[in-house]
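One structure is given here, and the rest of the page talks about it.
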């Protein structure tokens, strides 16, 4: 403890009384009025050149920003909508992780809209789904499997409905036209 107190009391910054100007070279005074005018003109020229360089850099930055904005506007509408609606919550790598068919992309976007609360305007879902289908399509065998599964999914209930309708509707026979 005594060592800490000794260090703290002796570790005071030393001041020699020197100022920064003691280390700087003495300013050069122009030897004549002509020399003063040349020095003043050189300083003005350096300032003008620095201003010109800064203005040129600002112009180049503005031109680059305008070029980038034009490139962004030239992108497909689906990509713009994907960026505006989906990439707020999901990184692009996650969105494009699994290849899907058009129907699967539609179902996924529908789920995001109705169950997860994604805000999509009318008609945006098919545009986004079409873009995602072109960017990350499913393999052909997955698309075929999905179509077969969808066909079965729609056919089986239809068969049961038709059977039920056949059983519940009265049949008329040619002998008994009731």
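If we only count helices (runs of 4 or more DSSP H) wholly inside region 77-120, which ones have 1 or more residues that are under 19 Å from residue 138 (Cα atoms) and within 15 Å of the chain's Cα centre (by Cα)? Break it down stepwise before answering.
Values: elements: 77-81, 92-95, 102-114.
Passing ranges, in order: 77-81, 92-95.
For residue 134, the conditions (1) more than 19 Å from residue 100 (Cβ to Cβ); (2) part of a helix (DSSP H, G or I) are fulfilled apart from (1).
Where a number appears in this text, it was derived from the coordinates with a stated rule and is not lab data. What you see is a predicted model, and the numbers here were worked out from it, not measured in a lab. In this analysis, Cβ positions are derived from the backbone assuming ideal geometry, glycine residues included, and neighbour counts consider all displayed protein chains.
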